[in-house]
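See structure below.
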Amino acid sequence: MDNGDLVAVPETARRMADAAVAFLAALTAAQREQACFAFGSGSGSGSGSGSGSGPVRRDWSFLPAPDRGGLPIGALGDGQRRLAHELIVTGTSLPGYTKVVSVMAMEHVLRALAPDLADLFNPERYCFKVFGSPGDQAWGWQFAGHHVSLNFTVVDSRYISPTPCMLGAEPASVGMLAPLADDEELGYRLVNSLDAAQRRAAIIHHRPPPDLAARMVPRLGEMERPDPVFAPEPDYVISEDERDILSYVRSSPKGVAASRLDQRQFDTLAALVGGFARRLPDEVAGAQMHDLERAGLDNLTFAWAGGTSPGERHYYRVQGPTLLIEHDNTQANGNHIHSAWRNPADDFGDDVLAAHYRLHHA
């Protein structure tokens, strides 16, 4: 992609840099040591920042973890916490921010349901990482914890790569909390609107994968196969043949092509994709939809696996040249959601950084 093909989002990039600068300025030296990492390597700025050669910027795990590196939100004072949330707000729309804080609130529910794991399901463990210096030609930041992974790469103070972007919910809903109900509803609406021929193309298997087919790989390859089992649920296992059937293949998408949908179905698919984009600020969401529309929404495919009635284990995927949406509700008998949005060409800013280097570092 050339720079001329990129859609600039300078206002969001400026707000993001300003918020990150204000947040870092409010930290103590020890806290900055935890939060700050080099942009171009695995090493951080000091002993507390995960120094080493690992791909820290591409580590986007959303699994619960007692220590994931970075600066935990629980280590922040009230004023620092307010600035931390202001940074999150620069990367989300108001509905997107509502989803993020609702997912975090679910940790309190999990602590009540599983008191023995209260230390693991801890809303104070969500962590910030800042890569490089805000406002530099290339910098980025991450906010991650159980069922949240927000990753942003900012280039030339004008371009933002917002993927991978992952949210989850366990339970899928409880009381008034149902952070991903709209993603669920649109998926069901689309699969159940298909006629017999469309369903034969769209439903790729009667059983879903135990988790996201592409897992949490740092860079999407030509083929990604789901794990045979998700560790917290050892009794749900898929075979090697099923792993192949359910695999993500970048150059050969599985499912029903958007070009085979009628107008009502196509509009549902567009709404589903738009819902993921609208997790982001309006300017960034518009840029993302512009890129997808330029590539052609009719080039997308929709695939489903598992049951097609609410409460059954299920999984769906929307795939295109610059898009991979994966949504699974396969654990706890269909009451535990993982929902991820990725760009196989531009995760962690791969495409926008390549355009920058071609232009400025030829």
Among the residues of segment 95-109, the number that are out of contact with any helix residue (DSSP H, G or I) (no Cβ under 7 Å at 6 or more places or on another chain) and more than 16 Å from L63 (Cα to Cα) is 7
Output the qualifying pairs, or none if there are none: Cβ atoms under 6 angstrom, residues six or more apart or on different chains, first residue in segment 5-19 and under 15 Å from L353 (Cα atoms) and open to solvent by less than 30 Å² (accessible area, probe 1.4 Å), second residue in a loop (DSSP other than H, G, I, E, B) and at pLDDT below 95.
-> none
Answer yes or no: is there a residue in segment 336-359 that is within 21 Å of H205 (Cα to Cα) and open to solvent by 10 Å² or more (accessible area, probe 1.4 Å).
-> yes
Of all residues in segment 242-274 being among the charged types (D, E, K, R) and surrounded by 15 or more Cβ atoms within 10 Å (Cβ to Cβ), the one that is farthest from the chain's Cα centre (by Cα) = R260
Across segment 340-362, which residue is modelled with the lowest pLDDT among those that are among the hydrophobic types (A, V, I, L, M, F, W, C) and over 13 Å from the mean Cα position of the chain (by Cα)?
-> A362
Somewhere in segment 67-83, is a residue under 25 Å from N343 (Cβ atoms), open to solvent by 50 Å² or more (accessible area, probe 1.4 Å) and among the charged types (D, E, K, R)?
-> no
Which of the residues that make up segment 215-226 are open to solvent by less than 80 Å² (accessible area, probe 1.4 Å), assigned to a loop (DSSP other than H, G, I, E, B) and farther than 15 Å from L63 by Cα?
-> L220, G221, R225, P226
Strands (runs of 3 or more DSSP E) lying entirely in segment 304-362 (those with 1 or more residues that are aliphatic (A, V, I, L, M) and within 18 Å of G221 (Cβ to Cβ)) | 323-329, 337-342
In segment 286-314, how many are more than 24 Å from D211 (Cα to Cα) and either at pLDDT below 95 or open to solvent by 10 Å² or more (accessible area, probe 1.4 Å) (or both)?
-> 13
Pair list, Cβ < 8 Å and 6+ apart or interchain, from segment 253-271 residues that are in a strand (DSSP E or B) to residues that are open to solvent by less than 60 Å² (accessible area, probe 1.4 Å) and among the aromatic types (F, W, Y) = V256/F302
Of the residues that sit in segment 181-206 and are within 23 Å of L63 (Cα to Cα) and charged (D, E, K, R), which one is surrounded by the most Cβ atoms within 10 Å (Cβ to Cβ)?
-> D183
Applying the selection to segment 121-150, what residues are among the polar types (S, T, N, Q) and in contact with a His (Cβ under 9 Å, 6 or more places away or on another chain)?
-> N122, Q137
Residues of segment 220-242 being of a type in the set (D, E, K, R) and under 28 Å from L120 (Cβ atoms), in sequence order, are E224, R225, D227, E233, D235
May I ask you to list the residues in segment 159-177 that are hydroxyl-bearing (S, T, Y) and either modelled with pLDDT of 95 or more or buried (at least 24 other Cβ atoms within 10 Å of the Cβ) (or both)?
-> Y159, S161, T163
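Per-residue answers, yes or no, for (1) assigned to a loop (DSSP other than H, G, I, E, B); (2) surrounded by fewer than 23 Cβ atoms within 10 Å (Cβ to Cβ); (3) touching a Phe, Trp or Tyr at 6+ places or on another chain (Cβ under 7 Å):
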{"residue": "P95", "(1), (2), (3)": "no, yes, no"}
{"residue": "V101", "(1), (2), (3)": "no, yes, no"}
{"residue": "H108", "(1), (2), (3)": "no, yes, no"}
{"residue": "R111", "(1), (2), (3)": "no, yes, yes"}
{"residue": "L120", "(1), (2), (3)": "yes, yes, no"}
{"residue": "P134", "(1), (2), (3)": "yes, yes, no"}
{"residue": "W139", "(1), (2), (3)": "no, yes, yes"}
{"residue": "S157", "(1), (2), (3)": "yes, yes, no"}
{"residue": "P179", "(1), (2), (3)": "yes, no, no"}
In segment 116-164, the residues that are acidic (D, E) and farther than 24 Å from H338 by Cα = D136, D156
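The values are calculated or read from the model by the stated rules, or taken from the named source; none is laboratory data. Every value quoted in this text rests on a predicted model; they were computed, and no experiment measured them. All Cβ positions, even for glycine, are placed from backbone atoms using ideal geometry, and neighbour counts span all protein chains on display. Side chains are part of the model used for accessible areas, which takes the heavy atoms of the whole protein and leaves out ligands, DNA and RNA. Shrake-Rupley method; radii C 1.70, N 1.55, O 1.52, S 1.80 Å.
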